[in-house]
Structure formats: C-alpha cells, structure tokens
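Below is one structure, written out as structure tokens, with a few remarks after it.
The values are calculated or read from the model by the stated rules, or taken from the named source; none is laboratory data. Computed from a prediction, not measured in an experiment: that's the story for all the values here. Note that we place each Cβ from the backbone using ideal geometry, even for glycine, and neighbour counts take in every protein chain shown.
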Amino acid sequence: MRAASPILGDMTVIGVPREVKADEYRVALTPSGARELADHGHTVLLEAGAGAAVGLEDGAYVEQGAQIVADAAAVFEQAQLIVKVKEPQPQEVAMLRPRHTLFAYLHLAAAPQLARSLMASGATCIAFETVTDARGRLPLLAPMSEIAGRLAAQAAAFMLERPHGGRGVLLGGAPGVAPATVIVIGAGVVGTHAAKIAAGLGAEVWIYDRSIDRLRELEGQLGGRCQTRFATTLHIEAGLSAADVVIGAVLVPGARAPRVVTRTELSLMRPGALLVDVSIDQGGCFETSRPTTHSDPVFEVDGVRHYCVANMPSAAPLTATHALKNATLPYVLALADRGVAAALRGDPGLMAGLNVCASRITCVPVAEALDLEAVAPRDALRALAGEPAAG
C-alpha cells in the first residue's frame with residue numbers, strides 16, 4: 001500500500017469502519033461498491049463485521065476485492081480516506097489524524113463539541129448533507145430523507161397504538177370512524193414522503209410550507225390526497241390543536257433547524273398526541289426535542305409524546321445501505337481517483353460538502369450556528385497544502 005497525502009492526491013486506501021453509534025446498523029460501502037473501487041486500482045479496507053447487521057458478510061467483500069482488517073484501529077491506521085455513515089463517535093475522533101479525509105454525515109451545526117474535536121484532529125471532513133448538485137439539490141441527503149420521511153409516517157402509525165403508549169388511534173380510521181389527523185411541517189423531500197405514506201395509510205394529512213410554488217407542486221403530485229397550507233404561526237397553531245401526529249421536516253442546509261413548535265404551543269395539543277422530529281440530526285425543529293434511539297425512541301413533555309430518533313433510516317438498514325451507496329459511490333470514486341484537493345476544486349458541489357479543513361470550519365451555516373468564523377474552502381485547502389494564500 002502507498003501512503004499518500006490526501007491533498008497531493010494519489011489516494012488509494014479507503015477505510016470503512018463498522019458503525020458504532022447506538023442502534024446504527026448501516027454500513028458505508030457494499031460489496032458492489034468495493035468492486036468499483038478495486039477495479040479503479042484502489043485498496044479497500046473493511047473492518048471485520050462492518051456489514052454483518054445487514055447481511056453483508058466479510059466474504060462477500062473479499063470476493064469483490066476488499067481486504068478485511070481486525071478492528072477500527074487498523075482501518076484508521078492504514079487508510080487515508082475514511083468513509084462512514086454517521087458522525088464519528090469520540091473513540092473514532094481520537095483516531096483521526098491530519099492525513100485523514102473523513103466522508104460521512106456530520107451535522108455539525110447541532111454538535112459544537114464534535115465540530116471542535118474534528119477541528120483539533122486536523123482531519124479534512126466532508127459532510128454528506130451539504131454536498132450539492134448542479135441544481136443546488138442535496139444528492140447525498142436525499143435518499144436518506146426519502147427513507148426517513150416514509151419511516152416517520154410508519155413510526156407514527158406504530159406509536160399511536162395503545163400497546164406502545166399511544167392514544168389508541170388507527171392512522172387510517174375505520175368505516176364510520178374518522179382517521180387520524182397528521183400535520184407535516186416542511187414540504188421538502190422528508191415532508192413529501194411522509195405525507196405520501198401517511199395519506200396512503202388513510203390519514204387526513206395537512207402539509208405546511210412557506211413556499212407557495214412548492215405547495216402548488218404538491219397539489220399536483222399528491223392528487224388532492226393532502227391539504228396544503230401556508231406555514232404561518234397562526235396556521236400551525238390551528239393545526240396543532242387538531243393533530244394526532246405532527247411530523248417536523250424542516251431543513252436549512254448545513255444550519256441548525258429552525259424551531260417551529262415551542263413548548264408553550266404544546267398546550268394546544270391533545271393529551272397523548274405525537275411529535276415526530278425528523279430534523280433532530282440538525283438540532284430538532286421542536287423546542288422540546290432531544291435525540292433518542294431506536295431502543296428508547298419516545299419521551300413525554302407536558303402530555304405530548306416525542307419521537308426523536310437521530311438515525312431514523314437505520315430502522316431499515318438494508319434498504320438504506322444500498323440507497324446510500326448508490327448516491328455516495330461516484331463521490332468516493334472521485335476523491336480516490338483524483339485526490340481530495342483536485343476532486344474538491346473540480347466540483348463546486350463537492351466543495352460545498354467541505355465542513356472542516358486545516359483545523360477551520362469552511363461551511364458558513366455551520367460556522368454561524370457555532371459562533372465561529374468560517375474560512376473559504378479554497379483558502380483552507382491552500383493552507384493544508386502549505387501554499388500561500390490567494391493574493
């Protein structure tokens with residue numbers, strides 16, 4: 001194996017550790033992804049058992065050209081490009097070095113301690129969730145947003161059942177009995193998919209957004225199965241009083257999620273109503289939200305139940321793993337083939353994913369959320385490579 005600078009290029013060693021976040025079952029690379037990288041002449045190191053939770057055994061990776069190493073320490077020791085699903089946990093951050101490039105979901109606007117730890121590591125950190133495409137969309141966030149939106153409606157149906165602590169309401173109602181009322185705040189990818197599934201299960205669905213153009217699009221897409229409403233505070237408060245479920249699906253790319261429901265407004269809701277906060281990775285869009293896990297997903301505040309699982313797509317990890325690989329693999333190949341600096345400089349959308357470089361924050365919304373000064377990504381790359389600043 002060749003040891004190489006991630007800035008000067010010649011990236012050949014890609015490391016995939018097993019995910020260690022609570023209840024995280026996804027893996028960042030599939031055997032087919034390993035095959036593509038191997039065919040491009042790169043070395044793929046996979047921590048033993050990294051794909052076992054989704055039925056992807058080590059042997060399947062070996063057959064496609066990957067190498068299996070005993071533990072995460074071996075992955076971090078030998079690889080230059082570390083590809084993960086979720087943000088690194090403290091024991092992983094401790095293994096990051098300035099020679100590493102980390103490519104994963106990071107959500108740093110809501111994680112000041114992690115942001116500062118990554119800055120201190122000296123590693124170059126690219127966040128899936130802020131990579132953009134030529135049309136300004138978020139191609140690496142979209143597949144997980146689609147899945148999370150669908151799961152939000154499924155989780156709501158499940159958590160409304162009495163054995164799971166709910167009010168005992170069937171989402172789709174019954175002949176002669178009204179269905180549940182589901183409020184979706186945010187008409188982006190998450191909100192659209194949540195609304196589609198909730199409506200498909202027979203719920204009465206109201207979807208809120210501040211973009212009239214987006215609401216107009218949804219009228220056509222959803223064929224009248226959902227009501228669209230402009231998201232003023234008064235309209236949202238009216239919806240809260242009628243809701244059995246409120247799904248929070250607001251997103252400002254890279255930034256901390258805005259608050260759309262305050263604690264005071266919980267008093268408007270029915271006892272036992274359910275909040276599902278899909279924005280929790282970015283800090284949550286309900287004032288009373290805090291991250292939960294699949295093992296312990298719900299807590300109650302003022303008689304209102306909160307479902308705030310911070311890695312919702314992990315509930316369907318096999319589907320999510322393949323969907324994520326399909327989206328991320330072209331970018332992993334670009335980073336490996338061209339070297340990190342060249343790949344970033346050659347693709348403005350990938351450059352938008354750069355969050356930490358040369359021990360500085362390079363994403364403006366993240367810096368603003370953390371009250372830090374952002375440095376221009378290209379200036380950070382120059383500093384990392386030891387080049388003079390642009391004149």
(request) For segment 93-101, state whether one or more residues are polar (S, T, N, Q) and touching a Lys or Arg at 6+ places or on another chain (Cβ under 9 Å). (result) no
(request) Working only within segment 33-65, note down all residues that are in contact (Cβ under 8 Å) with a residue 40 or more places away in the chain and either in a strand (DSSP E or B) or surrounded by 15 or more Cβ atoms within 10 Å (Cβ to Cβ) (or both). (result) G33, E36, L37, H42, T43, G51, A53, V54, L56
(request) Please find, among L171, L151, L106, L140, the residue that is surrounded by 19 or more Cβ atoms within 10 Å (Cβ to Cβ) and in contact with a Leu (Cβ under 7 Å, 6 or more places away or on another chain). (result) L171
(request) Considering only segment 269-309, state which residues are touching a strand residue (DSSP E or B) at 6+ places or on another chain (Cβ under 7 Å) and within 14 Å of A22 (Cα to Cα). (result) T292, T293, H294, P297, C308, V309
(message) Restricting to segment 1-32, and then to whatever is touching a strand residue (DSSP E or B) at 6+ places or on another chain (Cβ under 6 Å) and at pLDDT below 95, can you tell me which residue is surrounded by the most Cβ atoms within 10 Å (Cβ to Cβ)?
(response) M11
(request) Among what's in segment 352-381 and is farther than 14 Å from M119 by Cα and surrounded by fewer than 19 Cβ atoms within 10 Å (Cβ to Cβ), pick the residue that is farthest from the chain's Cα centre (by Cα). (result) D379
(request) Output the number of residues of segment 203-235 satisfying the condition of being in a helix (DSSP H, G or I), of a type outside the set (D, E, K, R) and either out of contact with any strand residue (DSSP E or B) (no Cβ under 6 Å at 6 or more places or on another chain) or surrounded by fewer than 16 Cβ atoms within 10 Å (Cβ to Cβ) (or both). (result) 6
(request) Tally the residues that are touching a residue at least 24 places away in the same chain (Cβ under 8 Å), within 15 Å of A152 (Cβ to Cβ) and in a strand (DSSP E or B), restricting the search to segment 262-306. (result) 8
(request) Please state which of the following conditions K325 fails to meet, knowing it meets all the rest: (1) of a type outside the set (V, I, T); (2) in contact with a Ser or Thr (Cβ under 9 Å, 6 or more places away or on another chain); (3) in a strand (DSSP E or B). (result) (3)
(message) Suppose we filter T232, T264, T288 for residues that are of a type in the set (S, T, N, Q), touching a Leu at 6+ places or on another chain (Cβ under 9 Å) and at pLDDT 95 or above; which single one remains?
(response) T288
(request) Might you let me know whether segment 346-364 holds any residue that is farther than 19 Å from T101 by Cβ, among the hydroxyl-bearing types (S, T, Y) and at pLDDT 95 or above? (result) no
(message) Quick check on my filter: what residues within segment 66-78 are part of a loop (DSSP other than H, G, I, E, B), in contact with a Pro (Cβ under 9 Å, 6 or more places away or on another chain) and of a type outside the set (D, E, K, R)?
(response) A66
